[in-house]
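The values are calculated or read from the model by the stated rules, or taken from the named source; none is laboratory data. Keep in mind the model is a prediction, meaning the values are calculated, not measured. Glycine gets a Cβ as well: all are built from the backbone with ideal geometry, and neighbour counts include every protein chain shown. Note: accessible area is taken over every heavy atom of the protein model, side chains too, but ligands, DNA and RNA are not part of it. Shrake-Rupley method; radii C 1.70, N 1.55, O 1.52, S 1.80 Å.
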Amino acid sequence: MIKLNLMVNGAPKQVICESDESLANVLRENLGLTSVKVGCGTGQCGSCSIIVDGKLIRSCSMKMSRVADGAVITTTEGIGTPDQLHPIQVAWIAHGGAQCGFCTPGFIVSTKALIDSNPNPTREDVRDWFQKYRNACRCTGYKQLVDAVLDAAAVMRGDKSIDDLSFKIPEDGRIWGTNYPRPTGVAKVTGTLDYGADLGIKMPQGTLKLALVQAEVSHAKILSIDTAEAEKMPGVEKIVTYKDIKGKNRITGLITFPTNKGDGWDRPILCDEKVFQYGDAIAIVCADTDKNAQAAAAKVKVEMERLPEYMSAPAAMADDAIEIHPGTPNVYFEQRIAKGEETGPVFDSAAHVIEDDFYVGRQPHMPIEPDVGFAYLDDEGKLCIHSKSIGLHLHLYMIAPGLGVDPENIVMVQNPAGGTFGYKFSPTMEALVGAACLATGKPVFLNYTWKQQQQYTGKRSPFFMNVRMACDNDGKMLGMETDWTVDHGPYSEFGDLLTLRGAQFIGAGYDIANIRGMGRTVATNHAWGSAFRGYGSPQSEFASEVLVDMLAEKIGMDPLEFRYKNAYRKGSTTPTGQDPEVYSLPAILDAVRPKYEEAKKKAAAGSTAEIKRGVGISLGVYGCGLDGPDTAEIDVELNEDGTVTVYATWHDHGQGADIGTLGTAHEALRPLGLAPEQIRLVLNDTRTCPNAGPAGGSRSQVVVGRAIKAGCELLLGGMRKADGSFRSYKEMVDENIAVRYNGKWTAPATECDENGQGSPFASYMYGVFLAEVAVEMATGKTTVEKMTCVADVGKINNKLAVDGQMYGGLAQAIGLALTEDYEDIQKHSTMKGAGFPYIKQIPDDIVLEYIESDRPEGPFGASGVGELPLTCPHAAVINGIYNACGVRIKKLPALPEKVLAELKG
Ligand code: MCN
Ligand code: FES
Ligand code: FES
């Protein structure tokens, strides 16, 4: 133990701690300064940034033995507070800099250090600074952060006033369509919002800390699990194995497709007979401290017999491959697409045909906040589980039978989440904390390390695709043939649905009358497939968007004009035979055209022998909703003080469920003339909120939004008097009129049939992406210098949120195009190793433009936005690389060595 006297945020503090403890942990746990977030824990993300003796440091990597006695420390708590915000915090809110907000305190401190050393930084200075200090953000794409820093510096210099940055409610009182800041903004920028790990510190005394015993092989038979030595380790309360689990010990995928050859009960909570993938949980150590739990976990002995590891779909499909789940073939689901005429004769008589193979790989989600959660039994004996779940009701039913608890006896709550990007569409640790809580009867807490986040949560499922397209001499597309194979890892949940996306989105955006194809889902031993922003569209549309470029080139047509000729217009149908709800693609392409022509000129002028510049475009389409009659329910209640409360499970990844709910309810309740703060939000707790469905498929603004609108209209109906004025709460009660209403909406949509035909989504989002890239000829390194996107996401509820979605998604698409991967389990288990895009990889020059077509089914004309920016911008980057240097990368990511090899080849 050592004792230090520190000056923390202006106050003297004494700490007594282990000398090898990290400064981040001491600040968080000993001093309660939970604005200091631990993301990567290894110096790669900057979320733990603080200032020590005037220097910006990453406190996770500083041991207490290196902290000088008397050190002066500043954390976000010392920069500003909710009732006294610092200009940096005001600017962060004004520019929408905090989406999930997990990186935010680290950025705020980093910005403070930057402006202290350079009061008038340029945009490039800011970018250099955040790159140097490794401040990483997965949500924002960085541009709004640079905007915020410049504005904050201007205020601090006296060139602008705080008032210049503050949002002013328009005279008509309407916040719909404005930059109204999200309600959680203040808590995020001040570091006062408690995420899962912060809440964990604040759990009651006696809360057990959990450590997992995990597989370090990808496929094996378990022969024995020996916990004897581990049980004797200090502080150990219990070691939970499959024998302690009272239910089926399986997480059910709630199998959706009757033609699936599996039964959906393939994912163990704790492995019993077999290990199916690297990282699988075998046992849980419950102990008094994290360190004791981890030390004991290392002593659990698991005897295994190794089995062949099938690390890709082709390997698992080989004739001699054994069944990963005995009794279920490795190829366990097939989805056909058949639209229009047989394609054989169409291709035989077509003037031009093109065909190629494509691969989009195992993109990791890489939220800065690793997975975290806890469980306890409440006073009614209910099992309460708090986690990052973005589908509380869904997950409750997925884990209840495995745990052996009635669904009515489980309560699920979402903690503020530091980004999920879809990985939390699958349960991760919910069943683990549930099992540990049930086995010990005590509150339990589990925080993954970033490495565990990488190794034991789902990933984007790789698609192996072959696509053929035919067109006539004028470039009119005539037919398409597709074949796609989905590597879904060992667990089947939602794999069939993902495979259907190949039928729905290969070739989306184009009027193609005749399509034939087949897709299949394959079990492998690599990471299990979970939802990831775009869900199947980034794979599907990559193939068609690159092939369209190749076809355009083959017939000597400009790729934009080829797209313009074939884009949906009245009379066109989607690959599933649905009439699009709006036809905005031609207008979007018209808006892109002048920018594209300009970009081509700039690229030609800017190319040298060493650096070739090029321009690529692509088109993206995705549906908003779960397939078919997607439903949401919310409650809305008039309170005694005249305020209104909305109860909903609009789950928040960080995208802005708070502002989404508020903006929609405020618009729906406009006749009441409420100020925004008179609408209260109770979100994401199954005890208090009806089931509004998971926050996947960019569905919430449309589907939950319509339910909110419906509920608010019912409330207004109850409050409205004959003369058109509204009853007060008291009048409602006196007249015995209900003050709480249930709003419900079901999308008028139909699921796809066995031919992949149907009208699965009531609303879609559309966009065209323009990438301007530079390729360094000596190394093959690609830099995206500018991105432009013209999008139609319907009428916009909140402009800051929508811009933020777009910037952040585009950044993830650039990562997908150039660096991100989780193929090599060891190499790709750190942020840097997995190709996480830091600020210098993302252009500062990003241009967004919207065409707001009124959506017939969306609330107040809105469609969704969340996934549009990750549908297919990566194809624009890849097409840009070809345009620059003649190299066509068909297997992502386009790492420098791959581009260089092609250049040399
Ligand atoms: N919005 C709007 N106007 C519109 C459409 C949407 O103002 N016309 C706003 C909404 O109010 C909401 C946001 O944009 O604040 C996204 O809305 P929507 O497209 O309906 O998506 P969901 O709310 O259902 O969010 C889910 C979606 C998905 S599926 C993933 S994955 C995702 C995403 O959003 N993961 C994210 N965005 C993310 N953003 C962050 N920061 N972190 C994630 O993990
Ligand atoms: Fe410290 Fe990531 S750099 S937590
Ligand atoms: Fe930066 Fe989410 S806001 S990681």
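In segment 704-748, how many are open to solvent by 60 Å² or more (accessible area, probe 1.4 Å) and among the aliphatic types (A, V, I, L, M)?
3
Return the only residue of Ser853, Ser863 being hydroxyl-bearing (Ser, Thr, Tyr), open to solvent by 20 Å² or more (accessible area, probe 1.4 Å), in contact with a strand residue (DSSP E or B) (Cβ under 6 Å, 6 or more places away or on another chain) and touching a residue at least 24 places away in the same chain (Cβ under 8 Å).
Step by step, each of Ser853, Ser863 is checked, and only Ser853 is hydroxyl-bearing (Ser, Thr, Tyr), open to solvent by 20 Å² or more (accessible area, probe 1.4 Å), in contact with a strand residue (DSSP E or B) (Cβ under 6 Å, 6 or more places away or on another chain) and touching a residue at least 24 places away in the same chain (Cβ under 8 Å).
Kindly evaluate Pro856 against the criterion of being part of a loop (DSSP other than H, G, I, E, B), within 16 Å of ligand 3 (Cβ to nearest atom) and not acidic (Asp, Glu).
Taking the combined requirement at face value, the residue does not satisfy it.
Hey, among the residues in segment 409-439 that are hydrophobic (A, V, I, L, M, F, W, C) and within 16 Å of ligand 1 (Cβ to nearest atom), which one's surrounded by the fewest Cβ atoms within 10 Å (Cβ to Cβ)?
It comes out as Phe425.
What strands (runs of 3 or more DSSP E) lie completely within segment 4-103 and have 1 or more residues being within 16 Å of ligand 3 (Cβ to nearest atom) and crowded, with 19+ Cβ neighbours inside 10 Å?
49-52, 55-58
Hey, could you check segment 250-276 for residues that are part of a loop (DSSP other than H, G, I, E, B) and touching a Gly at 6+ places or on another chain (Cβ under 6 Å) and say which is farthest from Val486 (Cα to Cα)? Spell out how you get there, then give the answer.
Pass one, segment 250-276, residues part of a loop (DSSP other than H, G, I, E, B): 252-266, 269-273, 276.
Those left that are additionally touching a Gly at 6+ places or on another chain (Cβ under 6 Å): 252-253, 255, 264, 269.
On the way: Thr252: 20, Gly253: 17, Ile255: 17, Gly264: 17, Ile269: 24 Å.
Among residues in segment 250-276 that are part of a loop (DSSP other than H, G, I, E, B) and touching a Gly at 6+ places or on another chain (Cβ under 6 Å), the one farthest from Val486 (Cα to Cα) is Ile269.
Scanning segment 250-272 for residues that are closer than 28 Å to Ala228 by Cα and in contact with a Pro (Cβ under 9 Å, 6 or more places away or on another chain), which turns out surrounded by the fewest Cβ atoms within 10 Å (Cβ to Cβ)?
Arg250
Here are some conditions: (1) surrounded by 24 or more Cβ atoms within 10 Å (Cβ to Cβ); (2) more than 16 Å from ligand 3 (Cβ to nearest atom). Leu810 meets all but one. Which one does it not meet?
(2)
Considering each residue of segment 827-850, count those that are farther than 16 Å from Ala813 by Cβ, surrounded by fewer than 23 Cβ atoms within 10 Å (Cβ to Cβ) and not β-branched (Val, Ile, Thr), and give that number.
So the answer is 9.
Where in segment 360-428 are there strands (runs of 3 or more DSSP E), lying wholly inside it, with at least 3 residues that are aliphatic (A, V, I, L, M)?
In segment 360-428, the matching strands (runs of 3 or more DSSP E) lie at 372-377, 410-414.
Residues to consider are Ala591, Ala603; find the one that is more than 29 Å from the chain's Cα centre (by Cα) and in a helix (DSSP H, G or I).
Testing whether each residue is more than 29 Å from the chain's Cα centre (by Cα) and in a helix (DSSP H, G or I) leaves just Ala603.
From Leu638, Leu619, which residue is over 24 Å from Ser389 (Cβ atoms), touching a Gly at 6+ places or on another chain (Cβ under 7 Å) and surrounded by 24 or more Cβ atoms within 10 Å (Cβ to Cβ)?
Leu619
Taking the options Ala197, Ala230, Ala220, Ala187, name whichever one is under 30 Å from Ala527 (Cα atoms) and touching a Pro at 6+ places or on another chain (Cβ under 9 Å).
Among Ala197, Ala230, Ala220, Ala187, only Ala197 is under 30 Å from Ala527 (Cα atoms) and touching a Pro at 6+ places or on another chain (Cβ under 9 Å).
Limited to segment 374-395, what total is found for residues that are surrounded by fewer than 22 Cβ atoms within 10 Å (Cβ to Cβ) and of a type outside the set (A, V, I, L, M, F, W, C)?
Residues in segment 374-395 being surrounded by fewer than 22 Cβ atoms within 10 Å (Cβ to Cβ) and of a type outside the set (A, V, I, L, M, F, W, C): 7 in total.
Report whether or not Gly756 is buried (at least 24 other Cβ atoms within 10 Å of the Cβ) and under 20 Å from the mean Cα position of the chain (by Cα).
Against the criterion (buried (at least 24 other Cβ atoms within 10 Å of the Cβ) and under 20 Å from the mean Cα position of the chain (by Cα)), Gly756 does not qualify.
The rows are residues; the columns are (1) within 16 Å of ligand 2 (Cβ to nearest atom); (2) touching a strand residue (DSSP E or B) at 6+ places or on another chain (Cβ under 8 Å); (3) charged (D, E, K, R).
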| residue | (1), (2), (3) |
| --- | --- |
| Gly70 | no, yes, no |
| Ser110 | yes, yes, no |
| Pro119 | no, no, no |
| Arg127 | no, no, yes |
| Gln131 | yes, no, no |
| Thr140 | no, no, no |
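In segment 104-151, which residues are in a loop (DSSP other than H, G, I, E, B), more than 12 Å from ligand 3 (Cβ to nearest atom) and within 28 Å of Arg28 (Cβ to Cβ)?
Passing the criteria: Tyr133, Arg134.
I'd like to know if segment 659-681 contains one or more residues that are touching a residue at least 24 places away in the same chain (Cβ under 8 Å), within 13 Å of ligand 1 (Cβ to nearest atom), surrounded by fewer than 23 Cβ atoms within 10 Å (Cβ to Cβ) and not in a helix (DSSP H, G or I).
Within segment 659-681, one or more residues are touching a residue at least 24 places away in the same chain (Cβ under 8 Å), within 13 Å of ligand 1 (Cβ to nearest atom), surrounded by fewer than 23 Cβ atoms within 10 Å (Cβ to Cβ) and not in a helix (DSSP H, G or I).
Search segment 614-635 for residues that are within 17 Å of Val865 (Cβ to Cβ) and at pLDDT below 95 and pair each with any residue that is open to solvent by less than 10 Å² (accessible area, probe 1.4 Å) and acidic (Asp, Glu) when their beta-carbon atoms are under 6 Å apart and the residues are at least 6 apart or on different chains.
none
Which one is surrounded by the fewest Cβ atoms within 10 Å (Cβ to Cβ) among residues in segment 813-826 that are in contact (Cβ under 8 Å) with a residue 24 or more places away in the chain and of a type in the set (D, E, K, R)?
Ranking the candidates gives Glu823 first.
Answer yes or no as to whether Ala338 is away from ligand 1 (no atom under 16 Å from the Cβ), open to solvent by less than 10 Å² (accessible area, probe 1.4 Å) and at pLDDT 95 or above.
No.
Would you check if Asp159 is more than 31 Å from the chain's Cα centre (by Cα) and open to solvent by 30 Å² or more (accessible area, probe 1.4 Å)?
yes
Can you name the residue in segment 119-136 that is touching a residue at least 60 places away in the same chain (Cβ under 8 Å) and among the basic types (Lys, Arg) and, of all such residues, is least open to solvent (accessible area, probe 1.4 Å)?
Only one residue tops the list, namely Arg127.
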